[in-house]
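The values are calculated or read from the model by the stated rules, or taken from the named source; none is laboratory data. All values reported here derive from a predicted model rather than from experimental measurement. Please note: Cβ atoms are built from the backbone with ideal geometry, for glycine as well, and neighbour counts cover all protein chains shown.
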Amino acid sequence: MDLKQQFELAAAESKELAQRPSNDTLLQLYSLYKQSVEGDINVDPPSNPFDFVSKAKFEAWAGLKGKTKETAMQEYIDLINKLKN
């Protein structure tokens with residue numbers, strides 16, 4: 001199975017985790033997923049200063065700038081595997 005197939009499997013498995021991950025882990029999963037699929041952040045920061053969720057997501061994804069899609073995919077797969085066990 002190649003990396004892309006493993007990533008897609010991990011993404012599907014993320015919806016079937018026995019326990020809901022912490023908010024920090026969810027942000028990490030979100031940012032790794034976005035970096036894997038879209039690459040470096042390509043959206044403007046949220047304009048509403050009180051939209052804390054969007055701001056946190058933006059900052060988490062922006063923090064991965066420069067990381068290759070392949071590296072982000074592998075880290076996402078590793079994190080899902082860790083959460084499954």
Looking at residue 70 and the list (1) in a helix (DSSP H, G or I); (2) over 14 Å from the mean Cα position of the chain (by Cα); (3) exposed (fewer than 14 other Cβ atoms within 10 Å of the Cβ), which single condition is not satisfied? (2)
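State all residues of the range 26-63 that are under 10 Å from the mean Cα position of the chain (by Cα) and either touching a residue at least 40 places away in the same chain (Cβ under 8 Å) or farther than 21 Å from residue 2 by Cα (or both); if no residue qualifies, say none. Can you show your working first?
Kept after step one, since they are under 10 Å from the mean Cα position of the chain (by Cα), are these residues of the range 26-63: 26-37, 57, 60-61.
Correct list: 26, 27, 28, 29, 30, 31, 32, 33, 36, 57, 60, 61.
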Within the bounds of the range 39-56, is there any residue that is at pLDDT 95 or above and touching an Asp or Glu at 6+ places or on another chain (Cβ under 9 Å)? no
Would you check which residues across the range 1-47 are among the acidic types (Asp, Glu), surrounded by 13 or more Cβ atoms within 10 Å (Cβ to Cβ) and within 13 Å of residue 58 (Cα to Cα) and list them? 40
